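To keep things clear, I will list the structure first and then write my remarks on it.
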Amino acid sequence: MKLNYINKIKANISIYSSKKTTNILDGTYKSVYKGKSLNFENLREYVINDDVKDIDWKSSARSGTLLVKQFIAEKKHNIMLIMDTGKKMDADTDMHESKKEIALYTAGTIGYLAIENNDYVGMTLANEEKIEYKPFKYNLYNLEEYLCDYDKYATIKDIDMNELLEYVFKNISKRMIIFIITDIAGIDSIKSSILKKLNQRHDLMIININDNYMFGKNIFDVSEDKYISDFLLNDSKLNEIEQEVRKDILKKNITKLKNNNTCMISISSKKEINLKIIELLEEHKYASNN
């Protein structure tokens, strides 16, 4: 099997990450779960956003360079990617990029990072007939297969995110780090009760793939399967109302997630993915330590 998706994802990481950002991405991932489950591995040069508590002051004084301790996990983590394959993912983001493609690249980046750190990656999604669980594996060929299946099944039909989450809760007993990749409509549909249940057993984070706004040119309405008329697109009052509705929905869901100890970030383009993942992991790490 050729690693077509993986190679594109690696290229995207390379294009939109400086060496320093790549170090932060890798270091942030490894240090999300600090504590007794992590062992000291080695020292590396300090980069922005490293935890100052990890600075080795004696070694730094000897070398003349600020150095931080790097840790590795004693045991592997199980990274679960829960993917929204609803028809609404066929739309564009507000940066005019494919929502489905941003979701695929985001999942692939998380999966690639996890496997490079010797962790297991699994995926749960809905195909045409049922919910499908792809078991935890730790090589890039399995991740490539999972991404291929997401690309195949994404945008097939409207799905219930609560059914996906309930399936994971009832059928997978392993402790997991769960990333839910959906959009604001998917997040809005998720019940607080299932968030609470998942958070009691697992670490849970959500990635919102931003929707396009109802203005501009050639805006396609996925639900109606047609382009929105120029008359509606050019109506400033309708645009103003839409933006207010979006703000209210986002505000409501931020409160819901906060009440259920769940961190969320929003992504609109490929170039944002790396830094947004860092932001999410850092937010989750901070929330877990408080």
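Scanning region 265-281 for residues that are more than 22 Å from Asp51 (Cβ to Cβ) and either of a type in the set (A, V, I, L, M) or crowded, with 16+ Cβ neighbours inside 10 Å (or both) gives Ser266, Ile267, Ser268, Ser269, Lys270, Glu272, Ile273. If the condition is being part of a helix (DSSP H, G or I), more than 18 Å from the chain's Cα centre (by Cα) and not aromatic (Phe, Trp, Tyr), then region 143-164 contributes Glu145, Lys152, Glu163.
The set of residues in region 267-290 that are in a loop (DSSP other than H, G, I, E, B) and modelled with pLDDT under 90 comprises Asn289, Asn290.
Within region 117-142, the set of residues being in contact (Cβ under 8 Å) with a residue 24 or more places away in the chain and either within 17 Å of Tyr16 (Cβ to Cβ) or assigned to a loop (DSSP other than H, G, I, E, B) (or both) comprises Asn117, Asn118, Asp119, Asn127, Glu128, Tyr138, Asn139. Close contacts from region 250-276, counting a first residue that is in the same structural domain as Asp211 (by TED's automatic domain parsing) and a second that is small (Gly, Ala, Ser) and part of a helix (DSSP H, G or I), with Cβ to Cβ under 9 Å and a gap of 6+ residues or different chains, come to Lys256/Ser192; Asn259/Ser192; Asn260/Ser192; Asn261/Ala287; Asn261/Ser288; Thr262/Ala287; Cys263/Ala287; Ile267/Ala103. Only one of the numbered conditions (1) assigned to a helix (DSSP H, G or I); (2) surrounded by fewer than 22 Cβ atoms within 10 Å (Cβ to Cβ) is violated by Ala114, and that is (2). The criterion of at least 2 residues that are farther than 25 Å from Lys270 by Cα and either hydrophobic (A, V, I, L, M, F, W, C) or modelled with pLDDT under 95 (or both) is met by the following helices (runs of 4 or more DSSP H) wholly inside region 167-242: 192-201, 230-233.
Please verify whether region 192-203 includes one or more residues that are among the acidic types (Asp, Glu) and either buried (at least 19 other Cβ atoms within 10 Å of the Cβ) or under 23 Å from Lys137 (Cβ atoms) (or both). The answer is yes; a qualifying residue exists.
Of everything in region 137-152, what is hydroxyl-bearing (Ser, Thr, Tyr), surrounded by fewer than 17 Cβ atoms within 10 Å (Cβ to Cβ) and in contact with a helix residue (DSSP H, G or I) (Cβ under 7 Å, 6 or more places away or on another chain)? Give them in sequence order. Matches in region 137-152: Tyr138 only.
The values are calculated or read from the model by the stated rules, or taken from the named source; none is laboratory data. Everything quoted here is computed from the prediction, not taken from an experiment. Please note: Cβ atoms are built from the backbone with ideal geometry, for glycine as well, and neighbour counts cover all protein chains shown.
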